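Heads up: the structure comes next, in C-alpha cells.
The values are calculated or read from the model by the stated rules, or taken from the named source; none is laboratory data. Everything quoted here is computed from the prediction, not taken from an experiment. Please note: Cβ atoms are built from the backbone with ideal geometry, for glycine as well, and neighbour counts cover all protein chains shown. We work out accessible area using only protein heavy atoms, side chains counted, and drop any ligands, DNA or RNA first. Shrake-Rupley method; radii C 1.70, N 1.55, O 1.52, S 1.80 Å.
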Amino acid sequence: MGLLIRSSFVQLSLALLAIASPVEQRERGTIAKRQDGTYSCKCYEGDDCWPTKAAWSTLSTAVGGRLEKVVPVAAVCYNEFEGIPTYDAEECAQVTENYSNEQWQTDQQVLNLWDYWTNTTCLPTDNPEASCTLGYYPEYVIMAETASDVKAGIDFARENNVRLIIRNTGHDFLGRSTGYGSLAINTHSFKDMEYMKHYISPGGEYEGSALKIGAGVQGVDIYSLLNKQDPPQVFIGGECATVGIAGGYIQGGGHGPLSTLYGMAADQALEFEVITADGEFRSVSAVNNPDLFWALKGGGPATYAAVLSVTVKTFDDTKAAGFTLDLNTTHTTNADLFWKGVEIFHSYSNHWIENGMMVYFEIYSGNMFRVHPAVGPNMTAEQLQTLAQPVMDELDAAGVPYDYAIKEFGSFYDLYMELFEPEPVPQTALVGGRIFAKADIADYNAEIVQGYRSGIDGDAGNMLYIGHVVGPGVGKPEADNAIHPTWRQASTFTITSLAVPVGANLTQKRTLQDYLNEKVDGPLIAASPNGAAYVNEGNLEEPNWQEAYWGFKYPRLYELKKKWDPEHVFYARTTPGTEAWEVIDTNTRLCKKL
Ligand SMILES: Cc1cc2nc3c(=O)[nH]c(=O)nc-3n(C[C@H](O)[C@H](O)[C@H](O)COP(=O)(O)OP(=O)(O)OC[C@H]3O[C@@H](n4cnc5c(N)ncnc54)[C@H](O)[C@@H]3O)c2cc1C
Ligand SMILES: *[C@@H]1O[C@H](CO)[C@@H](O)[C@H](O)[C@H]1NC(C)=O
Ligand SMILES: *[C@@H]1O[C@H](CO)[C@@H](O)[C@H](O)[C@H]1NC(C)=O
Ligand SMILES: *[C@@H]1O[C@H](CO)[C@@H](O)[C@H](O)[C@H]1NC(C)=O
Ligand SMILES: *[C@@H]1O[C@H](CO)[C@@H](O)[C@H](O)[C@H]1NC(C)=O
Ligand SMILES: *[C@@H]1O[C@H](CO)[C@@H](O)[C@H](O)[C@H]1NC(C)=O
C-alpha cells in the first residue's frame with residue numbers, strides 16, 4: 001500500500017479515505033509497540049512506507065538535482081562508509097584541519113557544531129579501520145536554492161510521512177537541526193540581503209531603516225553590509241558572528257550585544273516570507289497572517305513554517321566602549337576569594353543593564369572567570385569607566401585580584417569585530433540555562449553564584465557557564481510577540497554546558513544529563529523564583545518546559561501549532577504542540593504516542 005500512496009499520492013489518498021479504516025487513514029507511518037505504550041511513527045528506511053528509489057529520484061528532479069544522499073564529511077578518513085570505499089588521505093587531512101573552523105562547519109551539508117547530537121559516529125580520525133556510520137545525521141538533504149526547492153521538500157516529507165529537518169547553520173545547541181533517518185532541507189545558500197533606508201511596514205506601524213535577509217544569511221554578513229551604509233547601521237544579531245538570523249535565532253527569540261538598548265531579535269521582525277506545512281508560500285506580517293507573524297517571533301524554531309526571508313529593523317551605529325576582565329589561577333589560587341570576586345561582579349548585573357550595557361562572561365572549571373567583553377554602546381571610555389568603577393572598588397576592597405582593560409571604539413561595529421571571540425567548535429556537550437530576572441539578582445545573587453560554584457565543584461572539570469548580562473525590556477521595545485514575558489524583566493541569561501566525553505556510553509550520557517538537571521540547572525531554578533528558560537539555549541529535559549520557555553503565551557502557541565501544522569510536518573523537541581511526540585528507540589524514530 002505504501003508504494004501506491006507514493007506513486008500518486010493525491011488521487012490515491014482521496015480513494016483511500018473511502019476504503020481504509022480510520023486508524024490507517026490517519027497514520028501513514030508504522031505502528032511501534034513498546035513497553036511503555038504504542039506509537040505511530042514517521043517512515044524510516046527499511047519500513048514498507050519508506051519512499052522508493054523512484055520517489056526519491058522524482059524529488060531529485062523536482063529540486064533540480066540538488067537532493068543529496070548524506071555521506072558524513074569525515075567519511076574520507078575511513079576505509080568505507082555503507083560498503084563504499086571512502087578513504088582519501090589528502091581530503092581527510094583537510095577535513096581534519098578545517099573541523100575546528102566555525103564558518104567551515106556552518107558551510108557543510110549537515111554538520112552540527114554541537115556534535116553530541118549527531119551521536120559522533122563519524123568524526124575525523126587517523127584510524128581508517130574504525131567505523132563511520134550516519135548516527136543521527138539525516139539520510140538525505142536538499143541543498144535548497146529556491147523557494148520551490150523548499151516547497152518540494154516540505155511536500156515530500158508531508159506526503160510520505162518522513163521526518164523533516166531544516167538545517168541552516170547547524171548552530172543549534174540542542175541538536176534540533178539534525179535527526180536520524182530524516183530528509184533535511186539546507187537553507188544555507190539563501191544569502192540575499194537588501195538594505196532599505198526608507199522602509200514602511202505593510203501595516204504602516206514602522207517607518208525607518210530596515211534590512212531584508214534570506215534564510216541563510218549569517219550575523220557576520222549583516223554586520224559588515226550594514227557598516228557600509230550611510231550612516232552606518234547596526235541590528236540585533238547574536239554575540240557569535242556565524243549564527244544564522246532568520247532561522248532558529250529569531251524564531252526562538254534571539255538576544256545579542258545590543259538587546260538591552262533595542263530588545264530581542266524577535267522584537268525587530270517586520271515581515272517574513274515562508275512556506276507553511278501545507279506547502280503554500282505566504283507573506284507574513286502584522287497585516288498578512290498576523291497570528292503566524294506573532295508565533296514566528298519567538299514561538300520556537302522549526303515549529304510553524306520554513307522561513308525563506310525576514311525583514312528586520314536597523315539602527316544608526318554609534319561610538320562604543322568595552323572592557324575585559326579576567327580572574328583566574330594566575331591571579332589567585334584561593335577558591336573562596338575567586339568565588340567572592342565572581343559574586344561581586346555578578347551582583348552588578350542590574351547596574352549594567354540599567355545603563356544600556358551588555359556583558360558577556362564565562363565561568364569554568366579550574367577557577368576561571370572571563371569577561372570578554374562588557375559592551376557600553378554609545379559610550380566613551382571615560383563614561384564606561386565611571387560605570388565600572390564601583391565594581392572595581394568593591395573587588396579591590398575585598399582583596400580580589402584581577403586584570404582589566406578598557407578601550408573606546410569609533411563604532412559598535414569596530415568593538416564587535418575586535419572584542420567578541422569565535423567559539424571553539426565542535427563541542428560534545430549537554431546544554432541548559434536560566435534567565436535571571438532583575439528581582440532575582442537583587443534578592444538572590446549569592447544563591448545564584450553558589451549554584452554556579454556547586455555545579456563546578458561537583459563535576460569532573462567539564463562545566464562551563466556562559467553569562468549574557470542583557471536586559472531586553474530596558475529599552476522598552478514596541479513589539480507584541482511570543483517570547484517569554486520574563487525577558488522584559490531579565491537581567492542575565494546564563495547558559496549551562498556540561499562536556500560529554502566522545503564515545504560515552506548510554507549510561508554515562510544518562511548520568512551526565514542527570515547531573516545537569518539536578519546539580520546544575522536545579523540549583524539555578526531554585527535560586528531564581530522570578531526566572532525563566534530560553535528555548536534556543538535550554539535543557540531538553542527542562543521541567544515544565546511549556547511554562548519555562550513561554551509562560552502565559554504557551555496556550556496560544558499550542559493552538560497556533562494545531563492551526564498551521566496539524567500534521568506535524570515540522571518537529572523540534574520542546575516546542576509548542578509536541579507533547580505527544582517522542583524520539584524513541586534511543587533517539588532514532590520520531591513517533592506520536594497513541
Ligand atoms: C556558538 C553559538 C553562539 C550563540 N550565540 C547566541 C546569541 O548570542 N544569542 C542567541 O539568542 N542565541 C545564540 N545561540 C543560539 C542560537 O540562537 C541557536 O542555536 C539557533 O537555533 C541557531 O539558529 P540557526 O538557524 O543558525 O541554526 P540551525 O542549527 O541550523 O537551526 C536551529 C533550529 O532552527 C530551525 N531552523 C533553521 N532554519 C530555519 C528556517 N529557515 N525556518 C524554520 N526553522 C529553521 C532548525 O530546524 C533548528 O530547529 C548561539 C549558538 C551557538 C552555537
Ligand atoms: C581547509 O583546509 C585546507 C588545508 O588543509 C585549506 O587549504 C583550506 O583553505 C581550508 N578550507 C576552508 C574552507 O577553511
Ligand atoms: C548512538 O551511540 C550509542 C552509544 O552512545 C550507540 O549505542 C548507538 O548504537 C548509536 N546509535 C546510532 C544510530 O548511531
Ligand atoms: C547617544 O548618546 C547621545 C548623547 O548622550 C544621544 O543624544 C543619542 O540619542 C544616543 N544615541 C543612541 C542611538 O542612543
Ligand atoms: C588569566 O588571565 C590572564 C589575562 O588577564 C591570562 O593572561 C592568563 O593566561 C590567565 N591564566 C590562566 C591560567 O588561564
Ligand atoms: C559505560 O562506561 C563506563 C565508564 O567507562 C563503564 O564503567 C560502564 O561499565 C559502561 N557501561 C556499559 C553498560 O557499557
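Assorted remarks:
- Some residue of the range 558-567 being modelled with pLDDT of 95 or more and farther than 23 Å from ASN481 by Cα: yes
- Residue list for the range 304-316, filter: within 16 Å of ligand 4 (Cβ to nearest atom) and either under 26 Å from the mean Cα position of the chain (by Cα) or buried (at least 24 other Cβ atoms within 10 Å of the Cβ) (or both): LYS313, THR314, PHE315
- Annotation note: Cβ proximity below 7 Å between a residue of the range 329-347 that is assigned by TED's automatic domain parsing to the domain that holds THR492 and a residue that is among the basic types (Lys, Arg) (sequence gap 6+ or interchain) occurs for TRP339/ARG453.
- If the condition is being free of Cβ contacts under 8 Å to residues at least 40 places away in the same chain and surrounded by 20 or more Cβ atoms within 10 Å (Cβ to Cβ), then the range 483-516 contributes no residue at all.
- Residues that are hydrophobic (A, V, I, L, M, F, W, C), in contact (Cβ under 8 Å) with a residue 12 or more places away in the chain and closer than 30 Å to LYS42 by Cβ occur in the range 233-244; there is at least one.
- Every residue from the range 67-104 that is more than 16 Å from PRO426 (Cα to Cα), of a type in the set (A, V, I, L, M) and within 13 Å of ligand 2 (Cβ to nearest atom): VAL76, ALA89, ALA93
- ALA442, sole failed condition from (1) part of a loop (DSSP other than H, G, I, E, B); (2) surrounded by fewer than 16 Cβ atoms within 10 Å (Cβ to Cβ); (3) not charged (D, E, K, R): (1)
- Remark: pairs (first residue in the range 390-408, touching a residue at least 12 places away in the same chain (Cβ under 8 Å); second residue exposed (fewer than 15 other Cβ atoms within 10 Å of the Cβ); Cβ separation under 6 Å; 6+ apart in sequence or on different chains) = GLU408/THR380.
- In the range 371-393 there is at least one residue that is more than 24 Å from LEU258 (Cβ to Cβ), out of contact with any strand residue (DSSP E or B) (no Cβ under 6 Å at 6 or more places or on another chain) and in the same structural domain as GLY475 (by TED's automatic domain parsing).
- In the range 235-242 there is no residue that is open to solvent by 10 Å² or more (accessible area, probe 1.4 Å), modelled with pLDDT of 95 or more and of a type outside the set (S, T, N, Q).
- Close contacts from the range 449-463, counting a first residue that is modelled with pLDDT under 95 and a second that is surrounded by 21 or more Cβ atoms within 10 Å (Cβ to Cβ), with Cβ to Cβ under 7 Å and a gap of 6+ residues or different chains, come to ASP459/LEU498; ASN462/LEU498.
- Qualifying residues in the range 319-335 (those that are surrounded by fewer than 18 Cβ atoms within 10 Å (Cβ to Cβ) and in a strand (DSSP E or B)) - the one farthest from ligand 3 (Cβ to nearest atom): THR324
- Residue under evaluation ASP172, criteria (1) open to solvent by 40 Å² or more (accessible area, probe 1.4 Å); (2) in contact (Cβ under 8 Å) with a residue 60 or more places away in the chain; (3) in a loop (DSSP other than H, G, I, E, B); (4) charged (D, E, K, R), criterion not met: (1)
- Residues being under 22 Å from ALA144 (Cβ atoms), open to solvent by less than 20 Å² (accessible area, probe 1.4 Å) and either within 16 Å of ligand 3 (Cβ to nearest atom) or not hydrophobic (A, V, I, L, M, F, W, C) (or both) are represented in the range 218-225 by at least one member.
So that you can scan it fast, the table gives a plain yes or no per residue for (1) open to solvent by 60 Å² or more (accessible area, probe 1.4 Å); (2) assigned to a strand (DSSP E or B); (3) within 16 Å of ligand 4 (Cβ to nearest atom):
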site	(1), (2), (3)
GLY366	no, no, no
PRO373	no, yes, no
LEU387	no, no, yes
MET392	no, no, no
PRO401	no, no, no
TYR413	no, no, yes
GLU418	yes, no, no
PRO424	yes, no, no
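- For TYR116: the one exception among (1) under 18 Å from the mean Cα position of the chain (by Cα); (2) buried (at least 18 other Cβ atoms within 10 Å of the Cβ); (3) within 16 Å of ligand 2 (Cβ to nearest atom): (3)
- Failed criterion for ASP521 (all others in (1) open to solvent by 20 Å² or more (accessible area, probe 1.4 Å); (2) away from ligand 1 (no atom under 16 Å from the Cβ); (3) closer than 25 Å to GLY175 by Cα hold): (1)
- Residue that is nearest to ligand 1 (Cβ to nearest atom), among those in the range 323-338 that are more than 33 Å from the chain's Cα centre (by Cα) and among the polar types (S, T, N, Q): THR330
- Within the range 397-456, the set of residues being over 24 Å from TRP339 (Cβ atoms) and polar (S, T, N, Q) comprises SER411, GLN427, THR428.
- Selected residue [among the hydroxyl-bearing types (Ser, Thr, Tyr), at pLDDT 95 or above, crowded, with 18+ Cβ neighbours inside 10 Å and out of contact with any helix residue (DSSP H, G or I) (no Cβ under 8 Å at 6 or more places or on another chain)] from TYR549, TYR534, TYR571, TYR554: TYR571
- Residue match in the range 187-195 (condition: of a type outside the set (A, V, I, L, M) and over 30 Å from GLN233 (Cβ atoms)): no
- Annotation note: Cβ proximity below 8 Å between a residue of the range 117-140 that is assigned by TED's automatic domain parsing to the domain that holds ALA75 and of a type in the set (Asp, Glu) and a residue that is buried (at least 22 other Cβ atoms within 10 Å of the Cβ) and assigned to a loop (DSSP other than H, G, I, E, B) (sequence gap 6+ or interchain) occurs for GLU139/GLY181; GLU139/SER182.
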